[in-house]
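The values are calculated or read from the model by the stated rules, or taken from the named source; none is laboratory data. The shown structure was predicted, so the numbers you read here are calculated from the model rather than taken from an experiment. A quick note on method: Cβ atoms are made from the backbone with ideal geometry, for glycine too, and the neighbour counts reach across all protein chains shown.
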Amino acid sequence: MSTASPASPASGPVNAPQPAFPTEDSGASRRRLPGDLAVWFFILAELLAFAVFFLSYAFARARDVALFNASQLTLDLNAGAINTLLLVTSSWFVVRAIQAVKRDDKAGGVRWLAAAMLGGFGFLVVKVFEYAAKFDAGITLSTNTFYMFYISLTFFHFMHVILGLVILGVLLANTWRGAYGRDAYHVLESGGAYWHMVDLLWIILFPLVYVMR
Amino acid sequence: MQYKSQAVATPYFIAAIGLFAGQILFGIVLGLQYVLGDFLFPAIPFNIARMVHTNLLIVWLLFGFMGAAYYMIPEESETELFSPKLAIALFWIFLVAGALTIVGYLAVPYATLAQLTGNDLLATMGREFLEQPLPTKLGIVVVALAFLFNITMTVLKGRKTSISIVMLLGLWGLAVFFLFSFYNPANIVLDKFFWWWVVHLWVEGVWELILGAMLSFVLIKVTGVDREVIEKWLYVIVTMTLISGIIGTGHHFYWIGAPEYWQWWGSIFSALEPIPFFALTVFAFNMVNRRRREHPNKAAVLWALGTGVMSFLGAGVWGFLHTLAPVNYYTHGTQITAAHGHMAFYGAYVMVVLTMISYAMPILRGRAANSNKAQVLEMWSFWLMTVAMVFITLFLTAAGILQVWLQRVSESPLPFMVAQDQISLFYWLREGSGVVFLIGLLCYIASFFVRGEEKTA
């Protein structure tokens, strides 16, 4: 994210003397915040909520490392790894979609967004299989503290993937209608930023809950 | 005043202040009953006085919210109110129903009142803050729906602003969540869930939206800062309120028989609840610092800043104090809760309604602002009430810490009533602060009658 200060919503793009990021619109010598500031506030709020959750996880784990390690072994690492791949790739597809729209390549934008959504759906499918296996094994929020965190964290994230997909769906429909283009990609960037957040959260969540011992 | 129909707000504001005075008088009685247990007994027993104190608070805040909506919405929508007549009719219905309810509380034993009002048909009585008899509850629903109809129609026919949409969202939420008060399951765990879905989702959910919308409206008017800037802040506040407040309901589920994971969910999400209030504080000060005009109504600006600070302290800081499950294990239901309740209600909701009244009443009375003399008295009332409330909160917090220690932590825990005797000094101090608060309120009321050179619109 750029360094535009989130503390003052009125401040427009922040003037910065150094060269801009090498993006398509680097003709202008000013760094700007991609997407809407309000969306960034939303993203920061979400990140904060998850951060508190991650910290709680760390404290709870420190109190009973053995239980956490033992329960962690029952998680499906392969499913988690596939899902990481799916989300990261999907995020890259969104970047390609925005680049395409910035070139006024509407068809490209639609294609890349559809691909990104496919990645998101793939994530949900894998996750549903994973949940089904766990619930079949009789695991619930009340089984132990580790599973409480595992289910809560992944479920809150799951809901964010769904919200992200709804947002991508709207963006796809709008791109299809030709609402975005070389001079109008503000909304697209806002939605893209949100999808990257969903991705980022998973990149922290996966090692923390599935891998780290 | 820009639109004639905004005038319907006047009786709502006057009734609000009148009921506010009643609430404080009962508060004084209650405070005394803490130390002189049989004061006014059997005419007004403690439980009745407490019920009147809390119910009057809710009713006068509702009058304040409705008055605020009637004042704000036409101006935001740039059109006259859909039906001023309906607004006036609803005012009288609500006032009479409210008054009858209070008379009922005071005149007959609560059980008799329940019998008289058909509680055996649909049992809804007996839950804290929702003690109203069935006819009153139904009345509240009818008044709320007709009020919402009136306001919504006004917004629909006029300009739609973020402020009026957030206000509508808050008011509709208020009405919808009140419906849970009609469902009284026999299972006491379920009962608590439904009860909190009214109480919590009101004060830590939709009421915060109303608060944000009201404060934003006044800040636009008194600072002249661009609407877009104010709306951005409003979005932030609304978002944080909903992210933290909805699952934050879990901080009421710790010890009611709900699964243990609520201790985590409740702690984590409610720990974020101070953030929207902090944003509110920064918002208020930031906007006033960046003001593009000097509004002649200094008192209203003071109330607006006060709301920002006191809501953060009362709701944010004092809420956080006992919101984490391991802390709440000890503090649950002690005077710590009372301390939080007092400052949160005052700082957030009392002050925002007084902000709105302070801004709107002079205009409704045909001037931009009151005379300097009247404003000085009003500012005195601000400081008297606010400082008194700070002390009430501090004394109750001290009482609460002692209570937790004596009754729950020490090697040889004391029984409840013995512990109460031990902390009576703090109750006396609290009562003293309460009297100062009453003096502040009397100054506030007096400020409406102070003449002097008025500032024209």
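Things to note:
- Options B:VAL238, B:VAL206, B:VAL222, B:VAL229: the member that is under 19 Å from B:ALA360 (Cβ atoms) and not polar (S, T, N, Q): B:VAL222
- Matching residues, segment A:141-183, being part of a loop (DSSP other than H, G, I, E, B) and within 11 Å of another protein chain (Cβ to nearest Cβ): A:LEU141, A:SER142, A:THR143, A:ASN144
- Among residues of segment A:168-210 being touching a helix residue (DSSP H, G or I) at 6+ places or on another chain (Cβ under 8 Å) and among the acidic types (Asp, Glu), the one that is surrounded by the most Cβ atoms within 10 Å (Cβ to Cβ) is A:ASP199.
- Unmet criterion (only one of (1) closer than 30 Å to B:TYR70 by Cβ; (2) surrounded by 24 or more Cβ atoms within 10 Å (Cβ to Cβ); (3) away from chain A (no Cβ under 14 Å); (4) under 19 Å from the mean Cα position of the chain (by Cα)) for B:LEU305: (2)
- Boolean, B:GLY266 is within 12 Å of chain A (Cβ to nearest Cβ), in contact with a His (Cβ under 9 Å, 6 or more places away or on another chain) and surrounded by 24 or more Cβ atoms within 10 Å (Cβ to Cβ): no
- Within segment B:242-261, the set of residues being buried (at least 23 other Cβ atoms within 10 Å of the Cβ) and at the interface with chain A (Cβ under 10 Å from one of its Cβ atoms) comprises B:SER244 only.
- Taken together, the residues in segment B:141-179 that are surrounded by fewer than 18 Cβ atoms within 10 Å (Cβ to Cβ) and assigned to a loop (DSSP other than H, G, I, E, B) amount to 2.
- Qualifying residue in segment B:315-324 (condition: crowded, with 20+ Cβ neighbours inside 10 Å and within 13 Å of chain A (Cβ to nearest Cβ)): yes
- Members of segment B:269-290 that are among the β-branched types (Val, Ile, Thr) and more than 11 Å from every other protein chain (Cβ to nearest Cβ): B:THR281, B:VAL288
- In this entry, B:THR136 is excluded by the filter for residues that are among the hydroxyl-bearing types (Ser, Thr, Tyr), over 21 Å from the mean Cα position of the chain (by Cα) and either modelled with pLDDT of 95 or more or assigned to a helix (DSSP H, G or I) (or both).
- Among (1) away from chain A (no Cβ under 14 Å); (2) among the acidic types (Asp, Glu); (3) within 23 Å of A:PHE42 (Cα to Cα), the one test that B:GLU231 misses: (1)
- Failed item in (1) more than 22 Å from the chain's Cα centre (by Cα); (2) under 30 Å from B:THR161 (Cβ atoms); (3) of a type in the set (Gly, Ala, Ser), with B:GLY64 passing the rest: (1)
- Within the set B:PHE416, B:PHE426, the sole residue that is within 28 Å of the chain's Cα centre (by Cα) and either at pLDDT 95 or above or among the basic types (Lys, Arg) (or both) turns out to be B:PHE426.
- B:LEU209 vs. criteria within 20 Å of A:PHE42 (Cβ to Cβ) and touching a Leu at 6+ places or on another chain (Cβ under 6 Å): yes
Conditions tested, residue by residue: (1) surrounded by fewer than 13 Cβ atoms within 10 Å (Cβ to Cβ); (2) of a type in the set (Phe, Trp, Tyr); (3) assigned by TED's automatic domain parsing to the domain that holds B:GLY37; (4) assigned to a helix (DSSP H, G or I).
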position	(1), (2), (3), (4)
B:SER412	yes, no, no, no
B:ALA419	no, no, no, yes
B:TYR427	no, yes, no, yes
B:ARG430	no, no, no, yes
B:SER433	no, no, no, yes
B:PHE437	no, yes, no, yes
B:GLY440	no, no, no, yes
B:TYR444	no, yes, no, yes
B:VAL450	no, no, no, no
